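The values are calculated or read from the model by the stated rules, or taken from the named source; none is laboratory data. Owing to the predicted nature of the structure, the values given are computational and were not obtained by experimental measurement. Here the Cβ is made from the backbone with ideal geometry for all residues, glycine too, and neighbour counts use every protein chain on show. The accessibility values were calculated without ligands, DNA or RNA, using every heavy atom of the protein model including side chains. Shrake-Rupley method; radii C 1.70, N 1.55, O 1.52, S 1.80 Å.
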Amino acid sequence: MASADSRTVPSPDAATGKIVVAGGFGVGKTTMVASVSEIAPLRTEELITATSAGVDDLAGIEGKSTTTVAMDFGRITISRDMVVYLFGTPGQNRFWFMWDDLSRGALGAVVLVDARRLDVSFAAVDFFEHRGIPFVVAVNCFDGRQVARVDEIATALDLPPGTPTLLCDARDRESVKEVLLTLLHHVLKAATA
Ligand SMILES: Nc1nc2c(ncn2[C@@H]2O[C@H](COP(=O)(O)OP(=O)(O)OP(=O)(O)O)[C@@H](O)[C@H]2O)c(=O)[nH]1
Ligand SMILES: [Mg+2]
């Protein structure tokens, strides 16, 4: 598989695939879709209202003022033969009813986690594991700090054996591309196993 490059022009008959970017509240899903998308990403951000007070824990993400209420959407050309559409889920529990629709027909998923708040991404791991959708776990290193080793995180999340787990910076295009390519390799491996 070729590496994703924003200068790559897809051929007219390029295959298309859907990848879901999921994870708990405020782990960086919207940031991830926006940083890698080659089109202006569609966002559905609303201000975090007083209703969220006491429901959504902003510890560690104090600068966050908006939240996704429907989805994020972006696109990346992986190679001349393949274009991937990215769908970011909302993270707040009250919007999880949308995850089934957003995941329908997906090749695979990125479960994004914040290593300081692993608990908020447990449900995302369960979601894809129970539906048999291949997924990778990307650990968003807020503040550039690695607070735990990747293998410790995999154990804490009780990941199925063989689930690729890697560190990333959701703000960095190259880092996100590496996550997506890891997922696509994992999807291919799962399909040919
Ligand atoms: N320092 C740092 N901040 C980040 C990083 N990724 C995201 N952020 C910030 O963290 C906050 C949450 O990011 P979002 O992309 O909105 O997270 P989300 O997962 O889409 O959030 P919800 O849709 O509300 O669940 C924002 O203020 C981002 O600017 C990162 O890698 N490092
Ligand atoms: Mg979001």
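Quick notes
- Unique match (being closer than 26 Å to GLY132 by Cβ, among the aliphatic types (A, V, I, L, M), assigned to a loop (DSSP other than H, G, I, E, B) and at pLDDT 95 or above) among ALA70, ALA4, ALA22, ALA106: ALA106
- The C-beta contact set for the range 68-96 (first residue within 16 Å of ligand 1 (Cβ to nearest atom), second residue among the aromatic types (Phe, Trp, Tyr) and not in a strand (DSSP E or B), distance under 6 angstrom, 6+ apart or interchain) comprises THR89/TRP99; GLY91/PHE25; GLN92/PHE25.
- Residue ID - surrounded by the most Cβ atoms within 10 Å (Cβ to Cβ), chosen from residues in the range 73-103 that are assigned to a loop (DSSP other than H, G, I, E, B) and within 12 Å of ligand 2 (Cβ to nearest atom): THR89
- Of all residues in the range 145-174, those satisfying the criterion of being open to solvent by 20 Å² or more (accessible area, probe 1.4 Å) and within 13 Å of ligand 1 (Cβ to nearest atom) are ARG145, GLN146, VAL147, LEU167, ASP169, ARG171, ASP172, ARG173.
- Residue pairs whose Cβ atoms lie under 6 Å apart, sitting 6 or more positions apart in sequence or on different chains, and linking a residue in the range 35-47 that is without any contact (Cβ under 8 Å) to a residue 60 or more places away in the chain to a partner that is of a type in the set (Ser, Thr, Tyr) and more than 9 Å from ligand 1 (Cβ to nearest atom), are GLU38/SER6.
- Condition check for VAL125: in contact with a strand residue (DSSP E or B) (Cβ under 7 Å, 6 or more places away or on another chain), open to solvent by less than 50 Å² (accessible area, probe 1.4 Å) and under 22 Å from VAL83 (Cβ atoms): no
- Taking residues in the range 49-62 that are among the aliphatic types (A, V, I, L, M) and near ligand 1 (Cβ under 9 Å from one of its atoms), and partners anywhere that are assigned to a loop (DSSP other than H, G, I, E, B) and modelled with pLDDT of 55 or more, the pairs with Cβ atoms closer than 8 Å and at least 6 places apart or on different chains are ILE61/GLY26.
- Any hit, the range 113-122, residues being touching an Asp or Glu at 6+ places or on another chain (Cβ under 6 Å) and under 24 Å from HIS185 (Cβ atoms): no
- Pick from the range 155-170, criterion within 16 Å of the chain's Cα centre (by Cα) and outside any loop (DSSP other than H, G, I, E, B), ranking: farthest from VAL36 (Cα to Cα): THR165
- Criterion violated by MET32 - all others in (1) within 13 Å of ligand 2 (Cβ to nearest atom); (2) under 21 Å from PRO164 (Cα atoms); (3) more than 14 Å from the chain's Cα centre (by Cα) satisfied: (3)
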